[in-house]
Amino acid sequence: MAAPLVAAEGLSLERGGRELFRDLSIAVRQGQLWQIEGENGAGKTSLLRILSGLSRFGYAGKVTRTSAVLYIGHQPAVKSLLSPRENLAWHVSGDASYPRNEIDDALARVGLNGYEGVPTYTLSAGQQRRVNLARLFISQVPLWLLDEPFTAIDRRGVVNLQSRLSSHIEGGGAVVVTSHQPLEVACDICRVDLTGSPRF
Amino acid sequence: MRFCLRLLLRQLALAVRRPIEIGQPLMFFAMVIALFPLGLGPDPGSLAGFAPGVLWVTALLANLLSADTVFRSDFDDGSLEQLLLSPQPLFLSVLAYIGAHWLTTGLLLALVSPVFALMLNLSPAVIGSLVMGLLLGTAVLSLLGCVGASLTVGLKRGGMLISLLILPLYIPVLIFGTAAVQASLDGISAVPYLAMLAAMLCLAIALAPLAVAAGLRISVDA
Amino acid sequence: MFFDSLQSALYMDGHGLYVWVAYLVTLLVIIVVIAVPVRQRKRLLLQLAVQGRRAAGPVLRREED
Amino acid sequence: MWSFFHKLGSPPWLYSIAGTVLRYLLPLTVLALASGTVWGLLFTSPDFRQGNSYRIIYIHVPSAVVALAGYYVMAIAGAVSLIWRMKMADVAMKATAPIGAAFTFIALFTGAVWGKPTWGAWWVWDARITSMLVLLFLYLGVVALYEAYDNKEAAGKACAVLSLVGMVNIPIIYKSVDWWYSLHQPASIKFTGESTIDSSMMYPLLLMIVAFYALFTCCLLLNMRTEILRREARTQWVKKLAEGS
């Protein structure tokens, strides 16, 4: 049994006097899809940021990560002055340098064909988000942490993305998703429910 | 190290895409320099006496104003978070930001300053030590300025606060910068003062990126 | 004592004003620096006590009837 | 020793220890301050050059010394809270900032008032006074940064980083200001320090320095107790304490 890509023991977080979760333990292994549910403000994003390593204090418990992380949050993380091609090339430049056609192909998979060269500020907010999501179609980072990836994505895009998630998991990757929508994905889903009533 | 260079090139590409932003510190520098003769009187003799101090204080303020924007645009659109998640050591990547900020403000200020030195009737023989001092000094100012910027980038109204945080740290640079120009005015060699500025630069290059990296981690997580 | 009378101690041949003003302001600042935390602590404890009593209030009253 | 360091981290223990230390230290401090002041103010003979105005030295020098030491205390507490994530070190750092600023203000004010009779000007750009002014700005920077953050835990970390950067820069600032002063002011009387002070003036000064250090510790402990209560307001031991009082 390989070591988990990210493991957290005894996580408890309190915000503004409310206890969001207490003694939460997660071990995300290869080939697993975790879905974190809970109403708004239940701490889904905070949990994701703790797992990703962006949040390093303000919570109790220990987090160990054995792999690089691909984190997609609420912000599009694209530079509006650069073109989608340059943005995507920059995002994946960390692990390897990809030829131009692979990048354009990834952009096409999220429905941005024809927009590769234009500056990103000419695109709509939804399109800018899809530039960020295009990373999923090209990056080889095993661990994905996605914060409500399906918001502002049309029907076809959602189906496209879900098939990509299942192919990534079959390929030995791991995904942690926070989302309200039910996921139609090939593999089984481990659920974490944060909707417990906030205890004082 | 290659990632750091690529990040530097990306920052410069971003800066070049909107040249007016590069121009702002220079225009501020020119404008404030033009204010002093109006305030202190046009008499060339007195202006020459104030010239080193005026040039350095204005370069300091121009640097301070532009320090706030170093991380703010990346913080607002979320690409700063992605940088924190990259496996590359953060304090090296931060050097790229600081280098890009220095190239777009400090270096240009140093190259443009002879024109304003002549406007303030500073004797041309001295301009060499002024430019050398500004080159070294503005690098230290960028490093310290980015420390302040990293701590206030998360705050909505961080602009004013950054001046209170880092102006006290700018004082040694100001003192030795003006002393270098003053020394060459009095005919003695300015090299020892430039050496002091270089020493401060080495210390700042070694320590400031650590503080900037820590500051960014705190601001992104706040 | 160096000064023969209170009057000369106050005057200190010309410098009295500065010396005494400096000492008074120092005393004032010291008093403020000590008083502020003490007062805050008392107010905080009082506030907590009131909260404590209000939370436990109803239970006590029922037992008394 | 290690268990002591660990126990230092538990709020109720630190709160009670601070209480007992204060119960003995506060009266001692008041006694030392009073006797030092009376001794320096009324019993020592005036300086042959400056006359009686030199008596301000008994509060100017101690407050300057303690103000500088206070910044180092704040920076070290910040470092401990950053490295070992000790909440109590963060409390100590937050408690030190306003006190340090107050002592720096005392040093500045007494220095300015002292400058009037000796040099005829309310504000003298002397090396000591200028460095004190910079130190005050450093303190105000830390206090302002702490207030600017909404998330108080992040504020503590940010102030720790800022005070560490400040701590590294203070020697540089002091030396460059001293050097700058000697450049522009060739040979005028040195404000404090080098001018040899004969023993009759030295003893009250030493007593006042010790008294000011003790005063700083008292103020720090007082501030820390309040800060501990504010942070632990929802815990049981604080509720019990509130009922007790």
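Toward the positive end of the charge dipole of chain D, with +1 on the Cβ of Lys and Arg and -1 on the Cβ of Asp and Glu, the farthest Cα among D:PHE212, D:TRP179, D:ALA64 is that of D:PHE212.
Residues in the range A:168-185 carry Karplus couplings, in order, of 5, 6, 4, x, x, x, 9, 9, 10, 10, 10, 7, 8, 6, x, 9, 8, 10 Hz; the curve used is 6.51 cos²θ - 1.76 cosθ + 1.60 with θ = phi - 60°, and Gly or Pro positions show x. Peptide D:159-168 shows a mean partner chain C-beta count of 5 within 10 Å per residue C-beta. Ranked for footprinting exposure by Cβ neighbours inside 10 Å, fewest first, D:TYR181, D:TYR72 give D:TYR72, D:TYR181. Dipole orientation for the protein assembly as shown: of the candidates A:THR66, D:TRP39, C:LEU48, C:LEU48 has the Cα lying most toward the positive pole (charges on Cβ; Lys, Arg +1; Asp, Glu -1). Considering only DSSP beta bridges with both partners in chain A, what is the antiparallel share in %, to the nearest 5? Antiparallel: roughly 45 percent of the beta bridges in chain A.
Summarised in one figure, the compactness ratio Rg/Rh of the range D:56-206, Cα atoms and Kirkwood Rh, is 1.04. Using only Cα atoms, find the angle between the long axis of helix D:199-231 and the longest principal axis of chain D, and express it within 0 to 90 degrees, rounded to the nearest 10. Long axis of D:199-231 versus the principal axis of chain D: about 30 degrees.
Under 5 Å from the amide H of A:TYR115 lies no amide H of any residue 5 or more positions distant or on a separate chain, with H modelled from the backbone and absent for Pro and chain starts. Here r is the Cβ-Cβ distance between A:ALA108 and A:GLU19 and R0 is 56 Å; the resulting FRET efficiency, rounded to 0.05, is 0.75.
Over the Cα atoms of the range B:1-141, the radius of gyration divided by the Kirkwood radius equals 1.07; this is the Rg/Rh ratio. The largest-to-smallest principal axis extents of the Cα set in chain A are 52, 38, 30 Å. 3J(HN,Hα) along the range A:143-150: 9, 10, 10, 10, 9, 6, x, 8 Hz, from the Karplus curve 6.51 cos²θ - 1.76 cosθ + 1.60 with θ = phi - 60°, whole Hz, x for Gly and Pro. Would you kindly calculate the translational diffusion coefficient of the range D:1-117, applying Stokes-Einstein with the Kirkwood radius from alpha carbon pairs, for 20 °C and a viscosity of 1.002 mPa s, and quote it in µm² s⁻¹ without decimals? Once the numbers are plugged in, D ends up at 128 µm²/s. Close amide-amide hydrogen proximity is noted between A:SER139 and no other residue 5 or more places distant or on a separate chain, at a cut-off under 5 Å (H modeled in the peptide plane; Pro and chain starts excluded). A simple rule links phi to the HN-Hα coupling: the Karplus curve 6.51 cos²θ - 1.76 cosθ + 1.60 with θ = phi - 60°, which for the range C:25-41 gives 5, 4, 4, 4, 4, 4, 4, 4, 5, 7, 6, 4, x, 5, 5, 4, 5 Hz, with x for Gly and Pro. Over the range A:1-68, the hull volume per residue, using the convex hull of the C-alpha atoms, is 89 Å³.
With R₀ set to 25 Å, the beta-carbon distance separating A:GLN140 from A:ALA27 gives a calculated FRET efficiency near 0.65.
Amide H contacts for A:PHE21 (H built 1.01 Å from N in the peptide plane; partners 5 or more residues away or on another chain; cut-off under 5 Å): A:LEU13. Its Cα centre serving as origin, the protein assembly as shown has a Cβ charge dipole (Lys and Arg +1, Asp and Glu -1) of approximately 1320 debye. Candidates A:LEU136, A:LEU194, A:ASN113 compared by Cα position along the dipole of chain A: farthest toward the positive end lies A:LEU194, with charges placed on Cβ. The ranking of C:TRP20, D:TRP237 by Cβ neighbour count inside 10 Å, starting from the fewest, reads D:TRP237, C:TRP20. Note on B:THR105, D:THR44: ascending count of other Cβ atoms within 10 Å places them as D:THR44, B:THR105, the fewest first.
Computed about its Cα centre, the charge dipole of the range A:127-200 is approximately 240 debye, with only Lys, Arg, Asp and Glu carrying charge at their Cβ.
Summary of packing: across the peptides B:185-197, A:40-52, the per-residue average of other C-beta atoms within 10 Å ranks them, highest first, as A:40-52, B:185-197.
Relative contact order of the range B:87-214, taken over Cα pairs closer than 8 Å and 6 or more residues apart, is 35 percent. Across the protein assembly as shown, Cα-Cα distances exceeding 50 Å account for 29% of all pairs. Look at the stretch B:14-27: the mean tally of other chain Cβ atoms within 10 Å of its residues' Cβ atoms is 1. Around the Cα centre of the range D:30-187, unit charges on the Cβ atoms of Lys, Arg, Asp and Glu (plus for the first two, minus for the last two) sum to a dipole of about 120 debye.
How large is the helix-only mean residue ellipticity at 222 nm for chain D, computed as the sum of -39500 (n - 2.57) over DSSP H runs with n ≥ 4, divided by its residue count, in deg cm²/dmol to the nearest 500?
Taking each H run of at least 4 residues, the total per residue is -27500 deg cm²/dmol.
For the residues of D:48-58, the average number of beta carbons from a partner chain within 10 Å of their own beta carbon is 4.
Model label points for B:LEU203 and A:VAL185, set 7 angstrom from Cα along the Cα-to-Cβ axis, are 5.3 nm apart.
Divide the volume of the convex hull of the Cα atoms of the range A:82-163 by its number of residues and quote the answer in cubic angstrom per residue.
Per residue, the Cα convex hull of the range A:82-163 comes to 92 Å³.
Taken together, the values in this text are just the output of simple stated rules run on the coordinates, not laboratory data. Please read all numbers here as calculations on a predicted model, not as lab measurements. Don't worry about glycine lacking a Cβ; one is built from the backbone with ideal geometry, like all the others, and counts go over all protein chains shown.
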